[in-house]
Structures are given as C-alpha cells and as structure tokens.
Amino acid sequence: MTKKIFTNGAIYTLDASQSIVESVVVEKGRIVDLGSHADMLLQWGRDGAKVIDLQGKMVTPGLIDSHLHLSGVAFNFLDLNLTGVKSKDEMLEKIRQKANTVAPGMWLIGMGWDENLFTEGGIPTLEELDHVAPHCPIYLKRICHHAFLVNSKALEMSQYHPTNEVPTGGTVVFDPRTNKPTGLLLESASQLITKYIPERTCQELKDGLQQAMQFAMKKGLTSVHTNDPAYLGGLDQTYRLFNELINQEGQGLRCNLLIDYPYLHQLKERGMYAGFGNEKLQIGAIKIFADGAFGRRTALLSEPYHDQPNQFGDAMYDQETLYQVVRDIREHSMPLAVHTIGDKALENVLDILDQFPKVEYRDRIIHTSLVREDLVHRLADPSRIADIQPRFVVGDYPWVIERVGDRRENYLYAWKTLLGSGVLCAGGSDAPVEPVDPLLGIHAAVTRRSPGDSHQGWNAKENLSMLEAVKLFTVGGAYATNEENHKGSISRGKLADFTVYSNDLFKMENPDELLHTEIEMTIIDGEIKFKK
C-alpha cells in the first residue's frame, strides 16, 4: 500500500506534548511519522509516496461523536422530519403535506418536534391532528424521544381502549374536561402504538443508514458511538446492517455499537462482548435508562421540581431491580452506558455501581445533566466517563431553569466543574435529538448559548475553552471506548483519522466563527472519505 504524506497543514496533534506539526505520514491506515514539511518529504517523499497538500488548513484528530442514534438520523432521511419547526401551524402544515402523499391506512411516521421552539401555539391536539390527516395513522416522536403524538386513526388501528394496561413508566395524557386522550403519550406508553407499526424492510433501513453515515462523515466525524438495536429490528439485524455497510461495503465511518439491555443474553449466545469486532466496527457497552427527561419532568431529582413541588420525576427501575440489572451485565463482564439526567438518578446508579467490581471497559454515564458536588467526586474515577451533550444547553435553556430553580442551576450541565474535578468527559450530540454536527457541539460547549444569541452563556462559569471543547470530541471520545491508545490524538502508531477545517478553531477571536466554519476533508484510515 502506497505511503501518503498529508502536508502543508496546521496539524494539531492533541497528544501529551500538544505539538503542532506540518506533515503526517500514513501507511496501511496508521500514522508512521509526523513533523515538518521539509523533514517528512526528505525522509518519506521517495518511492512513490502520494503527497496530499492540505493548503495550510487546520487539522485535528478525527472527530468522534460519543452518543447518537444513527438509526434516528437514518429515519430523518426516510420519515417526516419536524426538527426546527417554529410553530404549531407550521407543524400541522408539514403533517398535512406529508399525509397527502400517504395512502389511506398507511402509517405516517415523523420525529423531531419540540414545542419549546414554538413562537405561537402549543402541542397539537388529537382533533387538530385528525383534521390534517384523517385517513392515515400518525406517530410523531418528540425530539427527546420521551413524548409522542398520535391521532385517532393511530389509536383505532392500535386497538386502543381506555381500559388497556399502560406499560410501566408510561402515561396516556387525558383531557381533564372530556376525559379523552389528547393524543400525547409519554415514555413507555408509546409501546401501545409501536407494536402495531409495520417494521421497515431491511433494505429501507440499510439505505437510510448509508445516508446517515455519509452525512456524519460530511460533518467531519470519523467515529461514532451509536445505540440502535431497539430501532433496527434487534441485535442480529442491527449487527448485520452495520457489518454489511462497514466491513463488506467499506462505508468508512467507524462505529461502536451500544446494545440495549434486553439483548444482553442474546449477545452472550452470539459470543459477542465489549470490544468484539475490529477497529471499524465494535460492540460497546450495555445501554439502560435510569430516568427520563426534564421536559416532561420525568428526570429523577433528589429535591422536587421547582415548578411542580410535588414531582420528583420517575425512576426507570427501583433499586432492587437496578441491582439485578447491573448484576446481569457484570456477570457478562460488560460495561454499562446509563442514561442519567437527574441528580437522584445519577446517585442511584453510582450507589449500585459501587457494589460491583470494575470491568475492562469504562462505564459511561450518559448526559450527566444535573449533578451535585458529592456526585462529581464519585464520578472522578478512571473507570467511569461522563458522556455529555453540549448542545443540550441550546434545546433546554431557558425553560430548564423553571424546572430546577436558580440554586440548582449551578450544577446543571456543569462541564467545567466536571473536567476541573478530574472527571473524564466525552462529547456527543444524541442525534437526532440535536444535530449531527460536532462543530455545533463545540460551539455550545464554548458559548453555552444558541447560535445567534449574544449573551455570555447560561451559567457562564461552566463555559469551556476551545481546546477543552475540541478534546471532548477527540481525546474524550477515544477514552469512552478505551481506545485512547489507538485514536483521539495524532501520534505515531495510531489510526490515521483526521478532520480538516476551513478555519483554525484555535485562532478564532470570536467562537461564533465556528458557525461559518466548514469541514474541508474527513480522512479515515488514511483515505479521504469526504472532500468539500
């Protein structure tokens, strides 16, 4: 295989020396040398080496998204995408237009709505949904995937009746005036509907995933940690789809697959474990939920919600059951990936984890949205990593302050505090909840505000430096999967994964310049997988 010399760049290695070099030499997908332009050409420029001119552009280690759902990104290509809709009328009009293309009785699936973005109108009612789509069943996931909207046709085709037993942890919201469903379902109540929605064909799923992978690489990502079996037809089909796209068809994007707890025993039967696979496709941690989300007040808090003093949120498991779940996972020597939004959920998880021995791979605490000082110290353990989503500040502020109150805001998305206390942190998007765009995640980590806002940031003492933010999506992402010796920095022997930018992030006078920065190239295994 021909050697390649990527040269004439501002290449930030992000290694222990924090050095900047001009050239990197790649062979067989690995970095074999790095240094000045002149030295690398002198040492390696003969014998037919291919020289790629970076034209002075900034280069970092390949960007890593530590938590997303590639399946959800795929569905955004396949279904009605309601992300960013700004009013109830706009949402209803998009549904009406899509419904006009759907045959009677066929399901209209959509996702991404967020009433907090609406400048007018609230969540559409059952009657309003019936009006714009009377002939087809509707199932619309909120952007957080913790709330869902359906119309009467969906209830009818799902054989819903008020006497139906609602799955534990779920709620069918009723109108107190009419005592009839509003069309809004919370948490696991969605299962009343989803079991009646026909599964997509394997080819449809594969086409959507391929588009999602291409889109991720276009945004500069070289690796993602993705949680999908519940959306892609189970463990076997999920692994088969990713294996075909990555190992057989060479899509390029490196994927670490988080596996939902219900598939744990099947995973063992298949002889799979954390780290199973190769450098392109690996099995990762076992995913569970400890609580819900702030929006519907289902995130579990240690003190009541500020705007609803009788509500603490919901635990997905009681402590005895959570212990049994963790025991099951540890019996397979697997790490956990635990969704924890509220501080009490985090406390509950740490209380259980502390009773079990560590395993080879780090446990990841996903979101880590609200913490307390005592919990921060317990997180500062090299066997644990906080898997944080900086863009949540854009989606959650300012309304989240109403949920937790001013006092607790000091520990809300407290990234600077976590890093300063020695907590390992990785950066993700939770796409499709937030956009697949690490530059937007970096912007949110540095500014703690929405693009276009001009204030200093929500709880600005937690703003990260540009270097800290970039490290979340490089070094941190590697630590999340115990691959820090293989990726995350540009060093001899590591994987040749690089991201090339139109602007130098570390020379920006204003972080809003990130919003006008483009990805020039995405390089994986020394191969240019995207070029502008």
| message | Quick check on the range 101-249: what does the Kirkwood estimate of hydrodynamic radius come out to from the alpha carbon pairs, in Å? | response | 17.3
| Two-site FRET efficiency, Ser36 against His516, from Cβ-Cβ distance with R₀ of 35 Å, rounded to 0.05 | 0.70
| Rounded to 10°, Cα long-axis angle of helix 202-218 versus longest principal axis of the chain | 50
| Under a Cβ-Cβ cut-off of 9 Å, what is the net charge of the residues other than His339 that fall near it, where Lys and Arg count +1 and Asp and Glu count -1? | 0
| field | Rounded to 5, the percent of DSSP beta bridges in the range 378-532 classed as antiparallel | value | 75
| field | Cα long-axis angle, helix 438-447 against the chain (0 to 90 degrees, to the nearest 10) | value | 80
| said: Can you give me the % of accessible surface on the range 211-252 that is carbon or sulfur? Probe 1.4 Å, all protein chains present, nothing else counted. | reply: 40
| Of the beta bridges DSSP finds with both residues in the chain, what % are antiparallel, to the nearest 5? | 45
| Counting Lys +1, Arg +1, Asp -1, Glu -1, what net charge surrounds Glu468 among other residues with beta carbon under 15 Å of its beta carbon? | +3
| message | At 1.4 Å probe size, with the rest of the protein present, what percent of the exposed accessible area of the range 277-395 is carbon and sulfur atoms? | response | 46
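Please go through the residue pairs Lys88/Lys287; Lys28/Lys287; Lys4/Lys471; Lys88/Lys153; Lys86/Lys344; Lys28/Lys206 and name each one whose alpha carbons sit more than 24 Å apart in this structure.
Where the Cα-Cα span goes over 24 Å, the pairs concerned are Lys88/Lys287; Lys28/Lys287; Lys4/Lys471; Lys86/Lys344; Lys28/Lys206.
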| field | Alpha-carbon Debye profile of the chain, log10 I(q)/I(0) at 0.09 Å⁻¹ | value | -0.66
| query | Considering only Trp113, Thr171, Phe312, whose Cα is most displaced toward the positive end of the charge dipole of the chain, charges sitting on Cβ of Lys, Arg (+1) and Asp, Glu (-1)? | reply | Trp113
| Which Rg and Dmax, in Å, describe the Cα atoms of the range 159-217? | 16.9, 50
| task | Round to the nearest 10 and give me the degree value, 0 to 90, for the angle of helix 343-353's Cα axis relative to the longest principal axis of the chain. | result | 70
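Quick one: pull the percent of accessible area on the range 417-532 belonging to carbon and sulfur, 1.4 Å probe, ligands and nucleic acids left out. The partial results should precede the final answer.
Working: 1960 of 4180 Å².
Taking all protein chains in place, the range 417-532 shows 47 percent carbon and sulfur surface.
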| request: May I ask you to derive the FRET efficiency for Glu93 and Gln324 from their Cβ-Cβ distance with R0 = 56 Å, giving the value to the nearest 0.05? | output: 0.70
| task | Find the accessible area per residue for the chain; the probe is 1.4 Å, ligands and nucleic acids are left out, and the unit is Å². | result | 40
| request: Just order 194-205, 509-520 by mean Cβ neighbour count inside 10 Å, highest at the front, would you? | output: 509-520, 194-205
| said: Give me the base-10 log of I(q)/I(0) for the range 403-532 at each q in 0.11, 0.22 Å⁻¹, Debye formula, one uniform scatterer per Cα, rounded to two decimals. | reply: -0.44, -1.52
| note | Of all DSSP beta bridges with both partners in the range 358-447, the antiparallel percent, nearest 5, is 10
| query | Can you give the Rg and Dmax of the range 125-186 based on its C-alpha atoms, in angstrom? | reply | 11.3, 31
| task | Any aspartates and glutamates with Cα under 13 Å of the Lys3 Cα? List them, leaving off those in the same chain fewer than 8 positions away. | result | Glu27, Asp33, Asp47, Asp525, Glu527
| message | Is there a quick way to get the dipole size of the range 436-510? I mean about its Cα centre, with the Cβ of Lys and Arg at +1 and of Asp and Glu at -1; what is the value in debye to the nearest 20? | response | 140
| Given the Cα atoms of the range 1-91, and with Rh set as the inverse mean 1/r over their pairs in the Kirkwood sense, what is Rg to Rh to two decimals? | 1.26
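By the scheme Lys and Arg +1, Asp and Glu -1, what is the net charge of all other residues having a beta-carbon under 9 Å from that of Gly427?
-1
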| note | Per the helix-only model, the chain has a calculated mean residue ellipticity at 222 nm (DSSP H runs of ≥4, -39500 (n - 2.57) each, divided over all residues, rounded to the nearest 500) of -8000 deg cm²/dmol
| note | Sorted list, accessible surface of protein heavy atoms, 1.4 Å probe, largest first, for Tyr12, Tyr501 is Tyr12, Tyr501
| said: Check which residues have an amide H placed less than 5 Å from Ala285's amide H, if you skip close sequence neighbours. | reply: Ile259
| message | To make sure I understand the rule: partners must be lysines, Cα under 17 Å from the Cα of Lys218, and not fewer than 8 residues away in the same chain. Which ones qualify? | response | Lys57, Lys529, Lys531, Lys532
| If you average 1/r over every pair of different alpha-carbon atoms in the range 379-433 and take one over that average, what Kirkwood value in Å do you get? | 12.3
| task | On the full set of protein chains, 1.4 Å probe, figure out the accessible area of Lys141 and give it in Å² to the nearest 10. | result | 30
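The values are calculated or read from the model by the stated rules, or taken from the named source; none is laboratory data. Here the structure is a predicted model, which means the values were calculated and not measured. Note: ideal-geometry Cβ built from the backbone for every residue, glycine included; neighbour counts use all protein chains shown. The protein model used for the area step is the full one, side chains on, heavy atoms only, and it has no ligands, DNA or RNA in it. Shrake-Rupley method; radii C 1.70, N 1.55, O 1.52, S 1.80 Å.
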